[in-house]
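Rule-based calculations on the coordinates, nothing more; no lab input. Just so we're clear, the structure is a prediction, and the values are computed from it rather than from any experiment. Note: ideal-geometry Cβ built from the backbone for every residue, glycine included; neighbour counts use all protein chains shown.
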């Protein structure tokens, strides 16, 4: 089964046809709700990874502020590596959020359409209520995710600026100039991590709501 799922995923990822992808996955017993759960979990993991990369970049810059001689180019290379890793982690967060939005639209549309298939009014009302509650929880989670994603931008901007400046000014005066930027960057990273933690908490609440019977 894992091989079949991987094969289906690779085929429809290449074609880019999401509706066909969801239909194919349902044929092997993997429904939109399951895909939604997996994608939210993956988004949580990507945010945790972004936190780690941002913290590592901050540590690299912290080492620069303590620089008192030696090979400055090796310090720059480490900072540049951490910036690149942070950029990649942030991009993955963006992609994970977009994937969640895609499957949520398909899931909620299907759920809404299927309400018309009920003959039992009591069951229909219960399902409709669950749909409303799930949508509300989803919207709260998505807003939290997007707030966290937006807070990554100033962090990445500062990391890029510092990296570029150091690249073309590998000297002691450049170190002194960047020391003044460290405090603001530290605050930006701490705030971004706080927002990501809030998004992760909302993700847990949403998954709990989605999995309620």
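Calculated [222 nm] ellipticity per residue, helices only, for the chain: -32000 deg cm²/dmol; basis is -39500 (n - 2.57) per DSSP H run with n ≥ 4, divided by all residues, nearest 500. Taking the C-alpha atoms only, the angle from helix 32-65 to the longest principal axis of the chain is near 10 degrees.
Taking 30, 118, 83 in turn, the Gaussian network model of the chain (Cα-Cα springs below 10 Å) assigns the largest fluctuation to 118. Mark the label point 7 Å from the Cα of residue 105 along Cα→Cβ and return the residues of the stretch 124-162 whose backbone N is within less than 13 Å of it. Taking a point 7 Å out along Cα→Cβ of residue 105, no residue of the stretch 124-162 has its backbone N under 13 Å.
Annotation: the stretch 53-210 has a Kirkwood hydrodynamic radius of 18.3 angstrom, from the mean reciprocal C-alpha pair distance.
If you fit an axis through the alpha-carbon atoms of helix 172-210 and take the longest principal axis of the Cα set of the chain, what angle between them do you get, 0 to 90°, nearest 10? For helix 172-210, the angle is close to 10 degrees.
I want to verify a result. In a Gaussian network model of the chain, Cα cutoff 10 Å, which of these has the top mean-square fluctuation: 75, 93, 103? Fluctuation is largest for 75. A crude spin-label estimate for the pair residue 23 and residue 130, with each label 7 Å from Cα along the Cβ direction, gives 2.6 nm. Taking 0.36 nm per residue of separation and subtracting the current Cα-Cα distance, fully stretching the chain between residue 55 and residue 168 would add 38.3 nm.
Taking Rh as the Kirkwood radius computed over C-alpha pairs, what is the Stokes-Einstein D of the stretch 58-99 at 4 °C in a medium of viscosity 1.567 mPa s, expressed in µm² per second?
Diffusion coefficient, whole number: 111 µm²/s.
Under a Gaussian network description of the chain, with springs only between Cα atoms under 10 Å, the residue in 147, 94, 132 that fluctuates furthest is 132. The label-point distance for residue 157 and residue 37, in a model that sets each label 7 Å from Cα toward Cβ, rounds to 4.0 nm.
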